[in-house]
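Heads up, the thing below is written out as structure tokens.
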């Protein structure tokens with residue numbers, strides 16, 4: 001089996017897909033446009049896409065599933081600042097004085113996701 005997409009319920013699929021496209025650098029499908037009831041962020045080969053589907057109800061509780069992202073080109077802290085600058089919100093800061101830990105952010109619709117240390121940061125320890 002292949003995991004094709006990870007699907008996220010949301011209020012505005014194209015807007016949220018555009019946010020995640022900017023975060024990941026992956027493109028929004030050329031078939032999708034503002035106002036559509038779904039929008040796909042196309043992942044690189046062998047990774048699942050991110051499919052955003054319009055639903056009428058808003059998010060009311062903590063996600064039971066969330067993304068853990070590991071930066072490839074920046075440090076964890078630089079990535080956190082970059083994504084906050086795109087519209088994410090700091091939710092929980094689990095960084096420790098010794099440089100370990102992660103940061104939990106909220107996307108523009110309140111979905112939790114984490115930013116971990118990069119591979120280079122892990123190897124430097």
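The values are calculated or read from the model by the stated rules, or taken from the named source; none is laboratory data. Please read these numbers as outputs of a predicted model, since none were measured by experiment. Positions of Cβ are generated from backbone atoms using ideal geometry, with glycine treated the same way; all protein chains shown enter the neighbour counts.
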remark   = How many residues of segment 22-43 are closer than 13 Å to residue 5 by Cβ and in a strand (DSSP E or B)? The answer is 4
task = Can you confirm whether segment 93-100 contains a residue that is modelled with pLDDT of 95 or more, in contact with a helix residue (DSSP H, G or I) (Cβ under 7 Å, 6 or more places away or on another chain), assigned to a loop (DSSP other than H, G, I, E, B) and surrounded by fewer than 13 Cβ atoms within 10 Å (Cβ to Cβ)?
result = no
ask   = Would it be correct to say that residue 46 is surrounded by fewer than 16 Cβ atoms within 10 Å (Cβ to Cβ), within 14 Å of the chain's Cα centre (by Cα) and either part of a loop (DSSP other than H, G, I, E, B) or in the same structural domain as residue 91 (by TED's automatic domain parsing) (or both)?
value = no
ask   = residue 121 versus (1) assigned to a helix (DSSP H, G or I); (2) without any contact (Cβ under 8 Å) to a residue 40 or more places away in the chain: which is the lone unmet condition?
value = (2)
message = Can you confirm whether residue 37 is touching a residue at least 12 places away in the same chain (Cβ under 8 Å), outside the structural domain of residue 120 (by TED's automatic domain parsing) and surrounded by fewer than 16 Cβ atoms within 10 Å (Cβ to Cβ)?
response = yes
message = Name the residue that is farthest from the chain's Cα centre (by Cα), counting only residues in segment 101-120 that are farther than 29 Å from residue 15 by Cβ and modelled with pLDDT of 95 or more.
response = 101
message = So residue 81 passes all but one of these: (1) in the same structural domain as residue 118 (by TED's automatic domain parsing); (2) closer than 21 Å to residue 5 by Cα. Which condition number does it fail?
response = (2)
